[in-house]
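As structure tokens, the structure follows; a few thoughts come after it.
The values are calculated or read from the model by the stated rules, or taken from the named source; none is laboratory data. All values derive from a computational prediction rather than experimental measurement. No Cβ is skipped: glycine too gets one built from the backbone with ideal geometry, and neighbour counts run over all protein chains shown. What goes into the accessible areas is simple: the full protein's heavy atoms, side chains included, and nothing from ligands, DNA or RNA. Shrake-Rupley method; radii C 1.70, N 1.55, O 1.52, S 1.80 Å.
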Amino acid sequence: MELVIQKPFDAHLHLRQGDSLSGFAQRAAAFFESALVMPNTKPPILTAADLGRYRTLIREAAPALNALMTFQLHTQADIPALKRAGAVAAKYFPVGLTNSTGTEASTLSAYDSVLRQMEENGIVLSIHCEAPLYSGGEAKHRVLDEALEASVRFPKLKIVLEHLSLEREVEAVKSAGENVAATLTAHHLMFDAVDFIGSRLNPHLFCKPILQSAYHREALRQAALSGNPRFFFGSDSAPHPPESKTGSAVSPGIYSMPVTIPLLACFFDESSQTDKLESFVSVFGRRFYGLLETTEKIIIEKKSWEVPEIIDGAVPLCAGTVLSWTVRDGGKNE
Ligand code: DOR
Ligand code: ZN
């Protein structure tokens, strides 16, 4: 069995910097025609000049990848200049939640004058969506509340809540205005807290937001299968060197890129809804971001393959396990 679909748009991808960038960018080009590239590099992407330099490096490494550029939201952001340099979205990392740098204010409303300019210039606000840890999702979800408030203050500002992990987030997106959408990752759809910390802790499943219970995972699955165009794919592939994934200070982040499309094919196949895969990975995200469709295709085959232990110098998600779907030519340079 095989599925031929429009080549995907990854609406949330970390390509990193330095020596590892070129391998990650080239692999991205095998799976995705376009990708929204996250700005939390070291140093982070803040200015039009940073953004232009980073895009040049990505283009040199992987000319076939249509890299859509982002910058970290900050109060001094020169929105017209960033727009001219090709910025598509600003990323808001709430203070203290993840591997973030360059974020200076502790509430989203502190950025209102920048958000207003983004609204005028058609720049999307991409928000790291994460509830306070170990609250069971019951505590105040400040980031979610702030995002919803901003969506009302700025009704023409497009807002994407990234990597949903909780049922309440799914419900919030469903009842929010048309300017609010959300990304879902393959790992949050396929794994839960038991996989992560059930009998033994698996550091390769440590990401932010952490994997939640099967109950929450089910809500994400229903959102992905719902056909609601405001839920779409963003891999949040976030590789770290192997030494950062072991020991007493493990970095959050999962190198999911090599397996993300095969895993989603498994998920839609197990749900007997492979006909919905293309919309989820290739259509809805492009539509929300106002991107053109592509005539490029990928072929996803129902054919088992063993995921290598290391790919591009990082331990991939599902390393050493056998998956039942594969992307033809997608893993060609392993
Ligand atoms: O798990 C994560 N890793 N979550 C994030 O928000 C950041 C990312 C990274 O950059 O490593
Ligand atoms: Zn991310």
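Take the Cβ-Cβ distance between Ala81 and Ser175 as r, set R0 to 45 Å, and report the resulting FRET efficiency rounded to the nearest 0.05.
After rounding to 0.05, the efficiency reads 0.80.
Multiply the residue separation of Ile310 and Gln273 by 0.36 nm, subtract the distance between their alpha-carbon atoms, and state the gained length in nm to one decimal.
On the way: separation 37, 0.36 × 37 = 13.32 nm, distance 3.10 nm.
Between Ile310 and Gln273, full extension yields 10.2 nm more.
May I ask you to give the percent of accessible area on the chain that is carbon plus sulfur, with a probe radius of 1.4 Å?
Roughly 51 percent of what the probe reaches on the chain is carbon or sulfur.
Within 10 Å of each candidate Cβ there may be at most 15 other Cβ atoms; applying that plus a DSSP loop requirement, which trypsin sites (Lys or Arg not before Pro) in the range 271-331 survive? Please list the in-between numbers first.
Values: sites: Lys276, Arg286, Arg287, Lys297, Lys302, Lys303, Arg328; in loops: Lys302, Lys303, Arg328.
Hits after loop and neighbour filter: Lys302, Lys303, Arg328.
Taking square-rooted eigenvalues a ≥ b ≥ c of the alpha carbon gyration tensor, is the range 244-292 rounded, prolate or oblate, where a/c under 1.5 means rounded and, failing that, a/b exceeding b/c means prolate?
oblate
Can you list the lysines whose alpha carbon sits under 26 Å from that of Lys208, skipping same-chain ones fewer than 8 residues off?
Lys208 reaches Lys42, Lys91, Lys140, Lys158, Lys174, Lys245.
Using all alpha carbons of the range 183-262, what is the percent of pairwise distances in each 5 Å bin, ordered from the shortest bin to the longest?
In order of increasing distance, the bins hold 3, 15, 24, 24, 19, 9, 4, 2, 0 percent.
Using a 1.4 angstrom probe on the protein heavy atoms only, could you order Arg16, Arg142 from most to least accessible area?
From most accessible down to least: Arg142, Arg16.
Run the helix sum for the chain: -39,500 (n - 2.57) per DSSP H stretch of 4+ residues, divided by residue count, reported at 222 nm to the nearest 500 deg cm²/dmol.
Taken over the chain, the calculation gives -9000 deg cm²/dmol.
Per the Kirkwood formula on distinct C-alpha pairs, the Rh of the range 107-180 is how many angstrom? Present the calculation step by step, with values, prior to reporting the outcome.
Working: mean 1/r = 0.0792 Å⁻¹.
So the Kirkwood estimate lands at 12.6 Å.
Once Rh for the chain is found with the Kirkwood sum over Cα pairs, what is the Stokes-Einstein diffusion coefficient at 10 °C and 1.306 mPa s, in µm²/s?
The estimated diffusion coefficient comes to 80 µm²/s.
What is the Å³ per residue value for the convex hull set by the Cα atoms of the range 1-120? Don't jump to the answer; show the numbers that get you there.
On the way: hull volume 15.5 nm³, N = 120.
About 129 Å³ per residue, rounded to a whole number.
Rg to Rh for the range 264-334: what is it, with Cα atoms only and Rh by Kirkwood?
1.02
Quick one: Kirkwood hydrodynamic radius for the range 203-334, alpha-carbon pairs, angstrom, one decimal?
It is 16.1 Å.
When only Cα pairs under 8 Å and 6 or more residues apart are kept, what is the percent relative contact order across the chain?
Reported as a whole number, the value is 19 percent.
I'd like the Kirkwood hydrodynamic radius of the range 1-47, using the inverse of the mean 1/r over distinct C-alpha pairs, in Å.
11.9 Å
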